[in-house]
């Protein structure tokens, strides 16, 4: 079984919208509701006084959702890690609508829970381990 992580970078955003905490709350609410995520507490927000950039972090039962805005560079970075697979979500459409992003790059990364190695054919294969569950290799 694999988890999934999305790494999202949006550029050409409207600086005033990257300083709008209510807009970012709306983005988090849409992601959480539509992907059926389960927050385990209140989202923490911090707005930087010099630039107005915002950092937000929501701890999830599935892992975490984080955002960092950089109005001075017209950019936004978002990270969502889920320990269980989730359907694809249209980050680009939402970021175009909410912060007027000109371009959005979305990378999704499978996060396997069992170490993998490549076979001679180049296919990932589970790596046998003698470590008990929960032990860390040193």
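Going by the conditions given, is residue 70 within 20 Å of residue 11 (Cβ to Cβ) and without any contact (Cβ under 8 Å) to a residue 24 or more places away in the chain?
no
Considering 85, 49, which residue is out of contact with any helix residue (DSSP H, G or I) (no Cβ under 9 Å at 6 or more places or on another chain), in contact (Cβ under 8 Å) with a residue 60 or more places away in the chain and not in a strand (DSSP E or B)?
85
Go through (1) buried (at least 17 other Cβ atoms within 10 Å of the Cβ); (2) within 11 Å of the chain's Cα centre (by Cα); (3) modelled with pLDDT of 95 or more; (4) not in a helix (DSSP H, G or I) and name the single condition residue 4 misses.
Among (1) buried (at least 17 other Cβ atoms within 10 Å of the Cβ); (2) within 11 Å of the chain's Cα centre (by Cα); (3) modelled with pLDDT of 95 or more; (4) not in a helix (DSSP H, G or I), the lone unmet condition for residue 4 is (3).
The rows are residues; the columns are (1) in contact (Cβ under 8 Å) with a residue 60 or more places away in the chain; (2) in contact with a helix residue (DSSP H, G or I) (Cβ under 9 Å, 6 or more places away or on another chain).
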{"residue": "3", "(1), (2)": "yes, no"}
{"residue": "18", "(1), (2)": "yes, yes"}
{"residue": "30", "(1), (2)": "yes, yes"}
{"residue": "38", "(1), (2)": "no, yes"}
{"residue": "41", "(1), (2)": "no, no"}
{"residue": "44", "(1), (2)": "no, no"}
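The values are calculated or read from the model by the stated rules, or taken from the named source; none is laboratory data. All figures in this text were calculated on a predicted structure; none of them were measured in a lab. Cβ: placed from backbone, ideal geometry, glycine included. Neighbour counts: every protein chain shown.
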